[in-house]
Amino acid sequence: MKELKGAIFDLDGTLLESMGIWAQIDQRFLAKRGIPLPDDYVEKVTPMNYRDAAAYTIARFSLPETAAEVIRDWKEMSEQAYRFEIALKPRAGEFLRKLKSRGVRLAVATAQAPELYEPALKNNGVFDLFDAFAHLGEVERGKGFPDIYLLAAQRLGLSARDCVVFEDISAGIRGAKAGGFRTCGVYDPYSDYEKETILREADRYIDSFAQLLEPD
């Protein structure tokens, strides 16, 4: 921790208690079309950007809609939740402030567009702690690749080796490590099915941010 210059955080399931909301949105989205939520659907779309997730969903369920229509429906259902309902994970805000007080530069690397991540972070009082933001709509590939983390590091003015990436999914851990970043896995109940994989692949793993608030 003491030599850390930059920290890059995923949003959903890492900083925010939001994965339950996305599971509900996925379920409601498919239910409106008379389709039950498959067991593997959330796992499949979580690492994807909106474009890829929409294309995958349309192809998998033979939907007659365009990608733009699918994305618009997802965004309408999620904006209310991100603006008013979703909270930070326990002790996450305290950990962010600890890093900031030590001069660590902070970034968000998320699948969500600014219209979702900005109100969520502002509502939780942490938006102004961040020095940079990057979202999957700005890069070509999803979180199984390093693109979004490299963009976040570039915006921090730091190299990958100077940053730690915090992620709750194995695809994110793999993508960050492919870019030369150190990684910290963060427990989330919605990625519990791949906890052993994350434990094996990440440089460190935490069940709670409280572990990182203990004296160094």
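Can you work out the FRET efficiency for the pair residue 35 and residue 91, with r the C-beta to C-beta distance and R0 = 41 Å, to the nearest 0.05?
Rounded to the nearest 0.05, the efficiency is 0.60.
Pick from 179, 13, 34: which is most flexible by mean-square fluctuation in a GNM of the chain where alpha carbon atoms under 10 Å apart are linked?
34
Once Lys and Arg get +1 and Asp and Glu get -1 on their Cβ, which of 70, 34, 6 lies farthest toward the positive end of the dipole of the stretch 5-87?
The residue sitting most towards the positive pole is 70.
Would you work out which of 193, 146, 213 lies farthest towards the positive end of the dipole of the stretch 101-216? Charges go on Cβ: Lys and Arg +1, Asp and Glu -1.
Farthest along the dipole direction, towards plus: 146.
Give or take rounding to whole Å, what are the principal axis extents of the alpha carbon atoms in the stretch 1-79, in descending order?
The Cα atoms of the stretch 1-79 stretch 53, 24, 21 Å along their principal axes.
Identify which of 122, 143, 32 has the largest mean-square fluctuation in a Gaussian network model of the chain, with springs joining Cα atoms closer than 10 Å.
32
In whole Hz, what ³J(HN,Hα) sequence does the stretch 4-9 give by Karplus (6.51, -1.76, 1.60; θ = phi - 60°), x for Gly and Pro?
Working through the residues one at a time gives 5, 9, x, 10, 10, 10 Hz.
For the chain, what does the helix formula give at 222 nm: sum of -39500 (n - 2.57) over DSSP H segments with n ≥ 4, over the residue count, nearest 500 deg cm²/dmol?
-13000 deg cm²/dmol
Anything over 18 Å Cα to Cα? Flag those among 98/143; 122/195; 122/177; 44/143, in the order listed.
Among 98/143; 122/195; 122/177; 44/143, the Cα-Cα distance tops 18 Å for 98/143; 122/195; 122/177.
What share of the DSSP beta bridges in the chain is antiparallel, in percent to the nearest 5?
Bridges in the chain that DSSP calls antiparallel: roughly 5 percent.
Any idea how far the Cα center of the stretch 95-151 sits from the one of the stretch 24-85, in Å?
22 Å
For the residue pair residue 69 and residue 55, what label-to-label distance in nm results when each label sits 7 Å from Cα along the Cα-to-beta-carbon direction?
So the label points at residue 69 and residue 55 sit 1.9 nm apart.
Rounded to the nearest 20 debye, what is the charge dipole size of the stretch 17-140 about its Cα centre when +1 sits on each Lys and Arg Cβ and -1 on each Asp and Glu Cβ?
460 debye
Which shape class, rounded, prolate or oblate, goes with the stretch 41-185 when its Cα gyration tensor gives a ≥ b ≥ c as root eigenvalues, a/c under 1.5 marks rounded, and past that a/b bigger than b/c marks prolate?
Oblate, because a/c is 1.5 or more while a/b does not exceed b/c.
Quote the relative contact order of the chain in percent (integer), defining contacts as alpha-carbon pairs under 8 Å separated by 6+ residues.
25 percent
For the stretch 198-203, take each phi angle, set θ = phi - 60°, evaluate the Karplus expression 6.51 cos²θ - 1.76 cosθ + 1.60, and give the result in whole Hz per residue in order, putting x for glycine and proline.
Residue by residue, the stretch 198-203 yields 5, 4, 6, 9, 7, 6 Hz.
Return the single residue from 23, 59, 160 with maximal mean-square fluctuation; model: Gaussian network over the chain, springs between Cα atoms under 10 Å.
Checking each option, the largest mean-square fluctuation is seen for 59.
Would you grab the residues whose amide H sits under 5 Å from the one on residue 205? Only those 5+ places off in sequence or on another chain, please, with H modelled 1.01 Å from N.
Close amide H contacts, sequence-distant or interchain: 185.
Give the residue from 108, 24, 84 lying farthest towards the positive end of the charge dipole for the stretch 1-131; charges sit on Cβ (+1 for Lys and Arg, -1 for Asp and Glu) and the dipole is referred to the Cα centre.
Value: 108.
Read-outs throughout are calculated quantities, based only on the coordinates presented, and are distinct from any laboratory measurement. Owing to the predicted nature of the structure, the values given are computational and were not obtained by experimental measurement. Every residue, glycine among them, receives a Cβ derived from its backbone with ideal geometry; neighbour counts consider all protein chains shown.
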